[in-house]
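Asks: Next up is a structure, given as structure tokens.
The values are calculated or read from the model by the stated rules, or taken from the named source; none is laboratory data. As the structure is a computational prediction, the values presented were derived from the model and not from experiment. Positions of Cβ are backbone-derived with ideal geometry, glycine not excepted, and every protein chain shown enters the neighbour counts. Heavy atoms of the whole protein, side chains included, go into the accessibility calculation; ligands, DNA and RNA do not. Shrake-Rupley method; radii C 1.70, N 1.55, O 1.52, S 1.80 Å.
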Amino acid sequence: MKGDFSRLTWDRRRRYAGVLMQQGRLQLDADWNEQVDIGAYRLESAIADVVGHSGVPGRTPDGFRIELVGDLRQAPVLRVAPGRIYVAGRALDNDAPLSLPVLDLLPDLSDYDNLWAAVYLDTWQRHVTAADDPALREVALGGPDTATRVQHAWRIGSSILPFINDYPVIGPGWRPPVPNLSTGLLDARADLDRPVQENQLYRVEVHSVTGQDVRFTWSRENGAVTATVSDVQSATRTLTVGSVGRDRQHGLAERQWIELVVDPDKRGPVVQVERVTDGQLVATAASWPWTGRQAPAVRLVRRWDGATGLVTATGGWQPLEQGIQVRFAPAPTGAASYVPGDYWLVPARAATGGIEWPPGPQPAHGVRHEYAPLAVITRDSEWRWSLDADVRVEFGPRPSSGAVTGRNLQATSVSGTSARQAAASGPTPLAVGAESLFGSPTAPVDTTGYGSLSVSGVLSAQGLDVRRDAVVQGPLSVGGWLAVGGAEPPTFTALHITRDDGAGPLVGLTGRFDLRTVARELAAAPAGTTVIAGQSRDGDPQQVYLFWRDHTGALWGTALAQDPAITASLRTAAKGRP
């Protein structure tokens, strides 16, 4: 957050619940801002605990729904529906339908024939000042620069899905193969022989990464010295700005380095100011990036300090000023990737002659990205694109839908009777196995908020909830194939299918079935259909699985502990008696 702050003090590890004002005391921006951060953390944590990492409200289930339109061979277009989605506890809104060419999101597909790709939402927080949004100024008072804002920003991205055992891999917790924050760290220190003489909030920010080379900028004013740009003349390297500042310390002057900001979420080129005349900045010819061509629309310029503007990280201690030094360092795991735009804040205080910095290298203070998968799209061997699955997670009931949600997965004991009789016999809680669908040990997964299901058949008519110690692989079905990971997929010798109306008999299938069969059976079935499958060795079910389709059409599944009634019904089905 590039604002004129004294410091940012909130730290989750201190577990503060609020800030209390005392009478007759000095008010500081840091106290106000910490209260804002505390409130935001509590609200976002509560929402994430209820909704999960991401989810669309059941009362407006079309938010951020993905469609494929246009020429599905030559120029497919993604259409993003308006609505709301929650990601990491933050509400994100799309106010109008958005159309994006698929080939702009996936520009290089020359190495692929058939492919599956995830369409996802990339979210982060953006700091907005009066230079970004002039409406923040109060014109009745002469338009002074006062408070700033925090904005929830988002964009649509796409990523080719990897395959494991011929299955594309996606599910809860999926994220694109990009870091959401730099894994590399930064350390800072002050030279005790050269005490700090001024109170400053230093900002060290990654500007660009090329291979192993990391270049950064730094500012003694937290990057808050900016000016809006109204005109750019590339031929003369001239920028017309709204103001050059009130003085050299808080303004723009000759020989300083400025960043030309075109996109607020991307780092722009850094140039050196040659001269300042009548509200215009002229950049040096050696630093100007658009020689001989038209410059893009520059929104604003931001001043960075230091003699060279851009600094290449060496891995050793590098000086800023006032005896302050910084060092880029790998994490204890050895990870040392850096993301342009990520930053660290280093408060310097004259009263102590040093800096406020915890011992050792620290992770970046921002910008943290959070991701949520929205859909899976595919291109077949004839290069025709199609929507394979909607993988958004829905939470909460739909209006008047009667859908139920809860906390414990329950199923009735299933025999050869009808589904109505099975449901009428009352719910019998089943223990949930501590293994994934493919037998590989998996850590417990909190699946709260994975969506409400239509309850019928073997599911308890009293409500549905996935236990917190359950291991659930889902969403599993994406239009006939299963998006799963792990070891060798299981095969089944018996399937039981209950119909959504609760009146039809259990359907028994015999033979040898793989996960594709389960998906195919459910893909053609009504929403709410449930399947119980037994993985058999020597004709006797050894492991039982429960699969179901929710009202969005997604297939879910979980491994169940052995249950004599279910095993008996599967054995009956295997003998051909539905």
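Asks: Using the basic label-point model (7 angstrom from Cα toward the beta carbon), what is the Leu136 to Gln272 distance in nanometres?
Replies: It works out to 3.1 nm between the two label points.
Asks: Hey, how many Å between the Cα centroid of segment 303-372 and the Cα centroid of segment 81-103?
Replies: Value for the Cα centre distance between the two parts: 33 Å.
Asks: Among the trypsin sites (Lys or Arg not before Pro) in segment 1-45, which ones are in a DSSP loop with at most 13 other Cβ atoms within 10 Å of the Cβ? Mind listing them?
Replies: Values: sites: Lys2, Arg7, Arg12, Arg13, Arg14, Arg15, Arg25, Arg42; in loops: Lys2, Arg7, Arg15, Arg25.
Answer by residue number: Arg15, Arg25.
Asks: Here is a follow-up. May I ask you to evaluate 6.51 cos²θ - 1.76 cosθ + 1.60, the Karplus curve with θ = phi - 60°, for each residue of segment 49-54 and list the ³J(HN,Hα) values in order in whole Hz, giving x for glycine and proline?
Replies: 5, 8, 7, x, 5, 8
Asks: Using 0.36 nm per residue, how much length does the chain from Asp263 to Arg25 gain when fully extended, once their Cα-Cα distance is taken away?
Replies: Separation in residues times 0.36 nm, less the Cα-Cα distance, equals 81.6 nm.
Asks: What distance in nm lies between label points placed 7 Å from Cα along the C-beta direction at Thr314 and Ser243?
Replies: Label at Thr314, label at Ser243, 3.9 nm between them.
Asks: Rounded to the nearest 0.05, what FRET efficiency do Glu382 and Ala96 give with R0 = 25 Å and r taken as the Cβ-Cβ distance? Could you check?
Replies: 0.15
Asks: Can I ask one more? Among the trypsin sites (Lys or Arg not before Pro) in segment 193-297, which ones are in a DSSP loop with at most 16 other Cβ atoms within 10 Å of the Cβ? Mind listing them?
Replies: Of the trypsin sites (Lys or Arg not before Pro), the ones in loops of segment 193-297 whose Cβ has at most 16 other Cβ atoms within 10 Å are Arg246, Arg248, Arg255, Lys266, Arg293.
Asks: Taking the Cβ of Gly306 as the centre, find all other residues whose Cβ is under 13 Å away and add up their charges (Lys, Arg: +1; Asp, Glu: -1).
Replies: So the environment of Gly306 carries a net charge of 0.
Asks: Please report the carbon-and-sulfur percent of the accessible area for segment 52-182; probe 1.4 Å, protein heavy atoms only, DNA, RNA and ligands left out.
Replies: Solvent-exposed carbon and sulfur of segment 52-182 make up 50 percent of the total.
Asks: How much length, in nm to one decimal, is gained on full extension between Trp10 and Ala297, taken as 0.36 nm per residue of separation minus their Cα-Cα distance?
Replies: 99.7 nm
Asks: Right, here's the next one. What does the charge count around Pro361 come to, taking other residues whose C-beta lies under 9 Å from its C-beta (Lys +1, Arg +1, Asp -1, Glu -1)? Mind showing how you got there, number by number?
Replies: Values: positive: Arg327; negative: Asp187.
Result for the neighbourhood of Pro361: 0.
Asks: How much length is gained if the chain between Ala336 and Thr210 is pulled fully straight, taking 0.36 nm per residue apart and subtracting their Cα-Cα distance, in nm to one decimal?
Replies: 44.0 nm
Asks: First select every other residue whose beta carbon is under 14 angstrom from the beta carbon of Arg137; then total the charges, Lys and Arg +1, Asp and Glu -1. Can you show the working numbers first?
Replies: Numbers: positive: Arg149; negative: Asp132, Asp133, Glu138, Asp145.
Spelling it out: positives minus negatives among the neighbours equals -3.
Asks: Enter the Cα centre distance for the pair segment 227-266 and segment 1-70, rounded to the nearest angstrom.
Replies: When both Cα centres are located, 32 Å separates them.
Asks: Another one. Amide H neighbours of Asp305 under 5 Å, at least 5 residues apart or on other chains, H built in the peptide plane: list them.
Replies: For Asp305, the qualifying residues are Trp218, Ser219, Arg220.
Asks: First compute the accessible area of segment 221-304 with a 1.4 Å probe, then give the percent of it belonging to carbon and sulfur atoms.
Replies: Solvent-exposed carbon and sulfur of segment 221-304 make up 45 percent of the total.
Asks: In nanometres, what is the gap between the two model label sites at Ala40 and Ala350, each 7 Å from Cα along Cα-to-Cβ?
Replies: Placing both labels 7 Å along Cα→Cβ, they lie 3.0 nm apart.
Asks: Read phi for every residue in segment 63-77 and hand back ³J(HN,Hα) as whole Hz from Karplus 6.51 cos²θ - 1.76 cosθ + 1.60, θ = phi - 60°, with x for Gly and Pro.
Replies: Per-residue couplings from phi come out as x, 6, 6, 9, 10, 10, 10, x, 6, 6, 9, 9, 9, x, 10 Hz.
Asks: Under a 1.4 Å probe, what is the accessible area of segment 170-265 per residue, stated in Å²? Write down the numbers at each step before the final one.
Replies: On the way: 4560 Å² over 96 residues.
Result: 48 Å² of accessible area for each residue.
Asks: Across segment 274-287, in residue order, what do the Karplus-derived ³J(HN,Hα) couplings come to in whole Hz, using 6.51 cos²θ - 1.76 cosθ + 1.60 with θ = phi - 60° and x for Gly and Pro?
Replies: Those phi angles translate into 8, 7, 10, 9, 6, x, 10, 10, 10, 8, 5, 5, 5, 9 Hz.
Asks: Write out the GluC sites (Glu not before Pro) in segment 165-248 meeting two conditions: DSSP loop, and at most 13 other Cβ atoms within 10 Å of their Cβ.
Replies: Those that pass, being in a loop and sparsely packed, are Glu198.
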